1. Based on the Cβ-Cβ distance of A235 and D263, what FRET efficiency does E = 1/(1 + (r/R0)^6) give at R0 = 22 Å, to the nearest 0.05?
2. Where the centroid of each part is defined by its Cα atoms, how far is segment 311-336 from segment 118-134 in Å?
3. Straight-line reach from K379: which lysines have a Cα under 18 Å away, not including same-chain ones fewer than 8 places off?
4. Round to the nearest 0.05 the FRET efficiency obtained for R79 and S395 when R0 = 41 Å and r is the Cβ-Cβ distance.
5. In whole Å, how far is the Cα centre of segment 91-109 from that of segment 355-375?
6. Starting from segment 197-281, pick out the chymotrypsin sites (Phe, Trp or Tyr not before Pro) whose DSSP state is loop and whose Cβ has at most 15 other Cβ atoms within 10 Å.
7. Of all DSSP beta bridges located in segment 86-202, what percent are antiparallel, nearest 5?
8. Accessible area of the chain with a 1.4 Å probe: how many percent of it is carbon plus sulfur?
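The values are calculated or read from the model by the stated rules, or taken from the named source; none is laboratory data. Quantities reported herein were computed from a predicted structural model and do not represent experimental measurements. Cβ placement follows ideal geometry from the backbone for every residue including glycine, while neighbour counts extend to all protein chains displayed. Surface areas here come from the heavy atoms of the whole protein model, side chains and all, with no ligands, DNA or RNA. Shrake-Rupley method; radii C 1.70, N 1.55, O 1.52, S 1.80 Å.
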Amino acid sequence: MGGGISGYGSAVLARKKGFDVFLSDAGAIAERYRRVLDEWGVEYEQGGHTMERILAADEVVKSPGIPEKAPVVQALRGRGIPIISEIEFAGRYKGRARTICITGSNGKTTTTSLVYRIMRDAGLRVALGGNIGESFAYSVATGDYDWYVLEISSFQLDGMYDFRADVAVLMNITPDHLDRYGYCFQNYVDSKMRIIRNQHSRCCFVYSADDPVIAGELGKYDLRMRQLPFAAHTAVASGAGDAWLDGEGEFTARVGKKSVTIDTSRMKIKGLHNAYNAMAAALATLAAGVEPDAVARSIYAFDPVEHRLEPAGERDGVEWINDSKATNVDSVWYALESMTRPVVWIAGGTDKGNDYGPLKEFARAKVKCLVCMGVDNAKLVESFTGVVPEVVSTSSLDEAMRAAAARAVAGDVVLLSPACASFDLFRNYEQRGELFKQWVRENILGK
């Protein structure tokens, strides 16, 4: 169910394993995914669901963007047909490879990228997947890895039953996605805590000891795994290991007899939130067996992920974020999913047959204004009028940026996350992102 990165990867893996596979998407499937499905001989449909075929399934792998209340999901539940996530499905076939799985309301992408960088720099055979990188299932189907570093959303955790993370990382839990959880925060909390499901004494659990929600949950579980807390404000001590940020801006991460000390002022990623991200990454990779000096080298060398939820500056309480690499609906879905402040969203460009339906739930909950930036904005305007409070149509970067700046107030975030190719106004997404950052530097930061 769903033909995005999660769905196409699952279909390929299922085909490789000899299953009779059918993929169904109510919207349009991107050409690059259709091409792969055709190469692997996967039957698929787009633009609607053939319920007779879907309800004949023995098992359904559901993409995370499809909510539980969707009629097709309710129909499957009514028939008692098992529904799982891509993470659950791919985990069955990863062989002896091990996993580092990162979740949390904030900081997932940076922490996952940093863990992957440390592991890759250390010379390990490692794949990046989940919410970022390649589909976990596609990597299992086509690659040969010793480790999978996976960013996992609550929606993916909901469909996880027998899967086990060898190293589980829980960054934080703050109110989010309550519309998908019956407007009950505890339901969302329970979903996030599934990251430790099935862990045993040889597994590791890295978590924020500063997060009051996590602290309140720990007593509810039989925690047999090795616990590796990290903190800046709470005294931490664990026999297995821990990380602590002192008042001088240094932290020491210790796992067993190995430890690494990091001077956060030498890191290229700044701020307390990135100190948390680095502490979590250090603990996770030490637990995976990476040597301390290798961990330190990679942390100091790590840059913010360019054009992917890349901070571009903040002034007068307004944060500007460059997500120009988000050229499809899937990527924007993950960007909006991560937002915790009211969003002025800049989108648009060359439409690739996009179905904006999956974005409407997040847009309704999080976006205060959509600024359309493109030669032809008609489809975007039509799709989101009535969904977000204000939709503005512009035809150049400068016009779009001025419109966004005029509507953003302290506490807001201006997010460039286009959902479209860049070719109507720019050479590529890199140029679009660079011009966005340049405009912010010159017109907002005064540099």
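1. Values: r = 21 Å, r/R0 = 0.97.
Efficiency, from the Cβ-Cβ distance: 0.55.
2. Centre-to-centre (Cα) distance: 23 Å.
3. Here the lysines satisfying the reach criterion relative to K379 are K352, K360.
4. After rounding to 0.05, the efficiency reads 0.25.
5. 29 Å
6. Working: sites: F205, Y207, Y221, F230, W244, F251, Y276; in loops: Y221.
In loop regions of segment 197-281 (DSSP not H, G, I, E or B), the sparsely surrounded chymotrypsin sites (Phe, Trp or Tyr not before Pro) are Y221.
7. Roughly 0 percent of the beta bridges in segment 86-202 run antiparallel, per DSSP.
8. Here carbon and sulfur together make up 48 percent of the probe-accessible area.
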